[in-house]
1. With only Lys, Arg, Asp and Glu charged, each at its Cβ (+1 for the first two, -1 for the last two), find how big the charge dipole of region 223-369 is about the Cα centre; round to the nearest 20 debye.
2. How much accessible area per residue does region 274-341 have, counting only protein heavy atoms and a probe of 1.4 Å, in square angstrom?
3. With unit charges on the beta carbons (Lys and Arg positive, Asp and Glu negative) and the dipole taken about the Cα centre of region 199-350, which residue among Tyr334, Ala283, Ala251 sits farthest to the positive side?
4. So how do 226-235, 322-331 stack up, highest first, on mean other-Cβ count within 10 Å?
5. So, with a 1.4 angstrom probe, what is the percent of accessible area on region 297-345 that is carbon and sulfur?
6. Please compute the Kirkwood hydrodynamic radius of region 270-363 from all pairs of different C-alpha atoms, in Å with one decimal.
7. Count the net charge of all other residues whose Cβ sits under 12 Å from the Cβ of Pro117, scoring Lys and Arg as +1 and Asp and Glu as -1.
8. Go ahead and run the numbers for FRET between Gln108 and Leu157, Cβ-Cβ distance against an R0 of 30 Å, rounding to 0.05.
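The values are calculated or read from the model by the stated rules, or taken from the named source; none is laboratory data. As the structure is a prediction and not an experimental result, all values here were calculated from the model. Counting neighbours? That spans all protein chains shown, and the Cβs are built from the backbone with ideal geometry, glycine included. Calculation scope for accessible area: heavy atoms of the full protein, side chains included, ligands and nucleic acids excluded. Shrake-Rupley method; radii C 1.70, N 1.55, O 1.52, S 1.80 Å.
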Amino acid sequence: MQLKKLIIILILASISLAFTLLDGQRYLSLDVFQRFYQDDPALAFWAYFFTYILLIPIPLPTVGFLLTLGAGALFGLWNGLLLASFASAIGGTLGFLLSRYLLRDWLQQKYGRHLRPLNEGIRKDGGFYLFSLRLIPIMPFTIINALMGLTPIRAGLFYLVTQLGMLPVGFVVVNAGAELGSISGASVSDVLTPGLILAFAMLGLFPLLTHAVVERLKSHRVYRPYRQVKPSQFDTNMVVIGAGSAGLVSAYIAAAVKAKVTLVENHKMGGDCLNTGCVPSKALIRAAKSIKEIKQAGELGIEVSEPKVDFAKVMARVHRVVERIEPHDSVERYTSLGVDCVSGQAKIVSPWQVEVNGRTINTCNIVIATGARPSVPPIP
């Protein structure tokens, strides 16, 4: 890393550390700007505007929130929102560019192979992800700026999305600041005004509302290409693909709450757990443990002869154990529970349609419980 970049990083880290250790938040007093505002409102506005821009790129805790709150307290709702909206977008873009200049080349050079999927995702949907983050006020503003600077998202797109995405959050915080700034007395009735109570209620509810909005937007983006093929009615509530442990439990619970369930399995009911994994392996382990205990019996003062293993009989017992448990995972049992068990290869053709043996099943929900195969890593 170049020396000048390292110096800039050390300066920023020193400012942030000093601000934290010296409780710098108490120096962000509104008194100076209030005096400015009384003497020259325009000067106070622009002084606060440029102070906001200069402080935002520095990684200082909660400074963005305090500055936005102060903008509302000093300049009222609409002027404060105008100031905070543009100052946060400009200052955030400066922080974004600073992070990109200082760290991106080094990070991409060192971890480029690992970051390739992330970079491709950001190139494709970076604007949407950034907009989602901007709608969640819990996410620290300066950290988002720094992290996005390490990605390939374009600076112009970053500014535009930040400008739009910060408006809802800015409105809520500036409104709270404006209500605080309007308090003129010290009595309870002066403090607990309906406007102030509503403002803080909005601060509390906003993360929940924005989370719901973001999830709705994500859902809309995923399902938009399939809107034309969505069935008008469904054959079943749920299609479960795979009758292993996860698939059987899913089908059992759904059937227990009276949902209509279709269970699709291409091979054996019970999956790996019953047929090749958990149950057979535990039976083998039990036999191996017996051998070990017999060999160690002499240490306990018990004289026994050397054990002999008849592997054919061991495997016969393994099969008996599997057969004993098999009825619990059988087609007959699940059919008696009301589950429609289908043998065949399932193919998902849309978010609401599964094709099995040439038959298309329309369903409200799909559970994919197909398990996996072992993958041997390409280690020389």
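1. Numbers: 19 positive and 14 negative charges, 79 e Å.
The calculation lands at about 380 debye.
2. On the way: 5030 Å² over 68 residues.
I get 74 Å² per residue for region 274-341.
3. Ala251
4. Numbers: 226-235: 11.1, 322-331: 14.0.
So the peptides 226-235, 322-331, ranked by packing, come out 322-331, 226-235.
5. Working: 2070 of 3770 Å².
Its accessible area is 55 percent carbon and sulfur atoms.
6. Numbers: mean 1/r = 0.0585 Å⁻¹.
Every distinct Cα pair counted, the radius reaches 17.1 Å.
7. On the way: positive: Arg113, Arg116, Arg123, Lys124; negative: Glu120.
Local net charge: +3.
8. Values: r = 18 Å, r/R0 = 0.62.
Approximately 0.95, to the nearest 0.05.
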